[in-house]
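Novice: Structure incoming, see below.
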């Protein structure tokens with residue numbers, strides 16, 4: 001964008017100087033031609049500015065949309081991992097409860113054995 005603008009301005013200046021040097025027209029006509037050239041240059045610069053503003057607006061909007069999309073995707077991943085972890089914790093709690101139950105039953109069975117048979121049971 002900068003190169004095309006700089007090129008445009010440079011071309012405008014070279015054209016103006018060349019026009020002054022080679023112009024067969026009178027001074028008033030030459031000045032009028034220069035004014036028109038400058039006006040056309042200003043209009044083209046304004047059009048470039050408007051196009052750049054529109055493009056920037058579009059890019060900002062696109063960046064915001066993609067940022068929101070990434071945030072949503074990240075939130076979904078976090079929620080999914082949180083659910084996986086909660087499920088794993090529940091499985092571990094159930095396994096621990098089952099192991100406690102087995103241990104309690106074993107202790108009860110051992111406590112029912114006569115005193116001499118405890119050594120044989122283990």
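Novice: Suppose we filter 2, 35 for residues that are exposed (fewer than 12 other Cβ atoms within 10 Å of the Cβ), out of contact with any strand residue (DSSP E or B) (no Cβ under 6 Å at 6 or more places or on another chain) and modelled with pLDDT of 75 or more; which single one remains?
Specialist: When all the criteria are applied, what remains is 35.
Novice: Pairs under 8 Å by beta carbon, first residue at positive phi and in a loop (DSSP other than H, G, I, E, B) in the stretch 101-122, partner exposed (fewer than 10 other Cβ atoms within 10 Å of the Cβ) and at pLDDT 70 or above, six or more apart or different chains?
Specialist: none
Novice: Are there any pairs with C-beta distances below 6 angstrom linking a residue in the stretch 71-82 that is at negative phi and in contact (Cβ under 8 Å) with a residue 12 or more places away in the chain to a residue that is in a helix (DSSP H, G or I) and surrounded by 10 or more Cβ atoms within 10 Å (Cβ to Cβ), with the two at least 6 apart or on different chains, and if so which?
Specialist: none
The values are calculated or read from the model by the stated rules, or taken from the named source; none is laboratory data. Just so you know, these numbers come straight off a predicted model, no measurement behind them. Here the Cβ is made from the backbone with ideal geometry for all residues, glycine too, and neighbour counts use every protein chain on show.
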